[in-house]
1. Based on what the data block shows, is residue 14 within 29 Å of residue 128 (Cα to Cα) and surrounded by 17 or more Cβ atoms within 10 Å (Cβ to Cβ)?
2. Restricting to the range 57-77, what's the tally of residues that are part of a strand (DSSP E or B) and either modelled with pLDDT under 90 or open to solvent by less than 70 Å² (accessible area, probe 1.4 Å) (or both)?
3. Of the numbered conditions (1) touching a strand residue (DSSP E or B) at 6+ places or on another chain (Cβ under 7 Å); (2) in a loop (DSSP other than H, G, I, E, B); (3) charged (D, E, K, R), residue 4 fails exactly one; give the number of that condition.
4. Restricting attention to the range 40-56, which residues are part of a strand (DSSP E or B) and without any contact (Cβ under 8 Å) to a residue 12 or more places away in the chain?
5. Show me the strands (runs of 3 or more DSSP E) entirely contained within the range 125-195 in which 3 or more residues are open to solvent by less than 60 Å² (accessible area, probe 1.4 Å), modelled with pLDDT of 85 or more and under 20 Å from residue 80 (Cα atoms).
6. Based on what the data block shows, is residue 33 surrounded by 15 or more Cβ atoms within 10 Å (Cβ to Cβ) and closer than 19 Å to residue 195 by Cα?
7. Mind checking which residues of the range 9-39 are touching a residue at least 24 places away in the same chain (Cβ under 8 Å) and in a strand (DSSP E or B)?
Amino acid sequence: ELWRGCVGAWNPGLGNTGLVLRDWSGNQNKGVLAGGPTWETSGGRQALDFDGVNDEVQCGTTLLNGLAAFTYSVWCYQRTSGAYVGVLGKYASTTSDTELILVGSTILQTVRNGSNTTYRQSASVLTLNQWQHLVVVFDGTQAVQADRMRMYRNGVSLSLSANSLPATVTTNVAEFKLGSYPGPSGSRLDGRLDD
């Protein structure tokens, strides 16, 4: 019931499942652990630990395609900041994509539509070495572009920069990943992720 309507629901906190991270949404978008992320106990429950070098979880290529609305929700514990630090999302530099990444220690959500790159960025700085709950809500049905995206950290709405946003996320073949951003060096998460 908790994950009804979700496209994907990955919850390391429900226990170690080896090299496959179960998708609790029922859509079979299982996550495959690549590069060696490890299962760690944090706060009395399991979490996935990423080394910032080559770790990621690959969750398939069809997630988010064609959606006019979606929500990301993730618990993140970031140990170090970098130029582009991937938390979750999909990226394809030559077509449309969506991603939730950390740039340095700033939350950045980008939505690309073809060659037109648009984004909303928060000015709120994350605290390293602390669990934080991040939520991004994208609603392409909103008539006013600036109203199409909202971000929250620990339940508090963040102030966002104003940029135009597309109404839908068009189809692309990029892999939806947890813990990495296939961009420049320093793009892997050094930290932990939970549901």
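The values are calculated or read from the model by the stated rules, or taken from the named source; none is laboratory data. This one's a predicted model, so the numbers in the text were calculated from it and none came from an experiment. Using ideal geometry, Cβ is built from the backbone for each residue, glycine included, and neighbour counts are taken over all protein chains shown. Surface accessibility is based on the protein's heavy atoms, side chains included, excluding ligands, DNA and RNA. Shrake-Rupley method; radii C 1.70, N 1.55, O 1.52, S 1.80 Å.
1. no
2. Going through the range 57-77 one residue at a time, the tally reaches 10.
3. (1)
4. 41, the sole residue that qualifies.
5. Because the criterion is at least 3 residues that are open to solvent by less than 60 Å² (accessible area, probe 1.4 Å), modelled with pLDDT of 85 or more and under 20 Å from residue 80 (Cα atoms), the strands (runs of 3 or more DSSP E) in the range 125-195 that meet it are 131-139, 190-194.
6. So residue 33 fits the description; yes.
7. Passing the criteria: 10, 21, 23, 31, 32, 33, 34, 39.
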